[in-house]
Structure formats: structure tokens, C-alpha cells
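Report on the structure given below.
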Amino acid sequence: MQKDQLPRLDTGIKRSGTALITLQTVVWAPMPGAIVRTETNVHGGHSASWWSRALGLPVDQGAGFLAGLAARCRWLARSGARDMRDAAGRLKLKRGESGMSSRRDRSSFEAAYQGKAPWDIGKPQGAIAEAAGLVTSPVLDAGCGTGENALFMAASGHQVTGIDFVEDAIWMAQRKAAERGLTAEFQVKDAMTLGDWDKRFGTIIDSGLFHVLSDEDRARYVAGLTHVTKPGGRLLLLCFSDEEPGTEGPRRISQREIRAAFDGRWTVEEIRARRADVRQDIEGLPFSDGGPKIWLAIIGRNS
């Protein structure tokens, strides 16, 4: 194979009902970094730097490269791409791409977590940490991403569950919990299905989910929150503010919209103007200096 040719991706192998991924001479298990079988060599006859350019991964000859390669291959297989070039064209897998989306589109978020998601800052959002004194267990982080807010609450002694519909984000959250010696439950679950859940929570954290929902999905989501929040519990909601200039990224939300969405069985106790924390290693993010303007809404579930 010439170096300018991209390898084909074979997704036809199955074992115990779970799809495996064959990439050249490498067979990967569904979990990133778990190698089922290797033949020839782990880079399929190409150098790590060649694979890095082909897949948009940082150059790393060690375990980080292999884990990243496995995760990217697994994701590409799910995309239904014919080959790497097709997948890159469809999903815009470019190193350093911001991954911001104003739509609740699973593939957009999957792509973001394969690169540098602007909101994935390696620590809890400052506005969530600020409101920690209002939190009562058990806690649900709806749309938890890689788990930083949930893990902050777990480290503070709370019983925490985090859910997200992006499998790789949940895997990263589980890995962080294990590495930090923290107890938290992370599940691949769509927040739009909360109405079907039998669990109940004293506090819900929503850090950036509400503002990517359509009007129709917003109503369904709020109904689900009502279902899983104990009477007397609270929702801590972070969303883009209508005071943030521009239209790129999530929807801008007014205080009026928040109050209208949570009427009847909820009481909006307070709405605070804050700034979102975003990654500092991504250039050109189209937001205000100092971070996007957001609302921290503290919303109580009526008894």
C-alpha cells in the first residue's frame, strides 16, 4: 500500500454479538485500547506518525496512541463509513476542530469527543462548583460528558449517577473515576428517556444540555426531569445566555424562556449571570473574551 492510500475499514467481524473492528492487520475489542489480536505489527505496516495523520490523532508511540486509535476505529465503524477518507469527509475529523454544535446531533458530539471538545476542560464548571452547597444526594448529571461535574460531586461525598448518549464520553468518565479512586455510576443513556426511568434524585445537574434541544425536545426533557426529581429537589442548569453575542454554538436562552419552560411543578429560585469555562488550547472559539456568557439557573421541584 502506498502511504497516500488510506486503509479500508472492515466492520463485519462479530464475536458474542458485539461488533469488532478489523483495521489492516489489527483486530480491536470494543473498549478502546483492548487488543484482541495483532498480526504483523500494531501499525499495519505504517508508522505511528502516518496513522496519526490519517486518523487525526496526536503523535504518540505509546499506549495513548493505541487507545486513541482503537477509539477512533470503533467510532468510524459505527458511522458506517466505507473507509477512512469517507469517514473523515462525513464527520470532519480534523485535529483541533472545535466540535461545537447548536443541534442535539449524536454524530457531532461523538466527533467532538474524538478531538478537543471545548467544554471538556478537565475540571468542573466553576458555576457548578459555586452551587455545590445546594446539592443533596442522590445526584444525576444529565449529559455528563466525560464526568468532571459528576466526579466533583462524588469527591464531595455525594452519591452520583452520570448519563450521556455518547459511549466514548461515558468510557472516559468511567476511566477517570477509576484513576481517581472515586465511586460514581456512569451509564450510556439518552436524557430524552428520563420519563421512562424508575430512579429518583435530589439534585439534577444540567451543564450544557438544555441549550442544544429543540423546542419540542425541551418540553419532553423537562417532563422527564419532573419525573426523576424528588419533590423538594433542585435542578442546577447552565445554559448559554441571550447576552452572549453571535449565533455559533448552542442556542442562546433568555431568562424568560427558562421561566416559561419550568412553570407549574417547578419554581425558578434564582438566575445568575456567569461565564462558562472553555478549553484554552483551542484557538478561534467564537465566544466572548473571558468565556461565553451563561445563566446559572437554580430551579426547585415543587412538593
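Observations on the structure shown:
- Cα centroid of segment 253-274 to Cα centroid of segment 194-247, whole Å: 11 Å
- Residues Cys144, Cys239, arranged from fewest to most other Cβ atoms within 10 angstrom of their Cβ, appear as Cys239, Cys144.
- Theoretical FRET efficiency, 1/(1+(r/R0)^6), r = Cβ-Cβ of Arg259 and Leu182, R0 30 Å, to 0.05: 0.30
- Point-to-point label distance, Asp215-Asp196, nm (Cα→Cβ direction, 7 Å offset): 2.7 nm
- Pairwise FRET efficiency - Lys123 versus Ala273, Cβ, R0 = 22 Å, nearest 0.05: 0.55
- What the Cβ-Cβ distance of Asp105 and Asp281 gives, at R0 = 35 Å and to the nearest 0.05, is a FRET efficiency of 0.90.
- For segment 197-281, the set of GluC sites (Glu not before Pro) satisfying both a DSSP loop assignment and a count of at most 14 other C-beta atoms within 10 Å is given as Glu243, Glu248.
- Net lengthening on full extension, Asp289/Ala132 (0.36 nm per residue, minus Cα-Cα): 53.9 nm
- Residues His227, His158, His211, arranged from fewest to most other Cβ atoms within 10 angstrom of their Cβ, appear as His227, His158, His211.
- Amide H contacts under 5 Å for Gly249, placed H, 5+ residues apart: Ser102
- Exposure proxy order (Cβ contacts within 10 Å, fewest to most) of Met153, Met192, Met172: Met192, Met172, Met153
We did not get these values from a lab; they are worked out from the coordinates using the rules stated. Just so it is clear, the model here is predicted, and its values are computed rather than measured. As a convention, Cβ positions derive from the backbone with ideal geometry for all residues, glycine included, and neighbour counts pool all protein chains shown.
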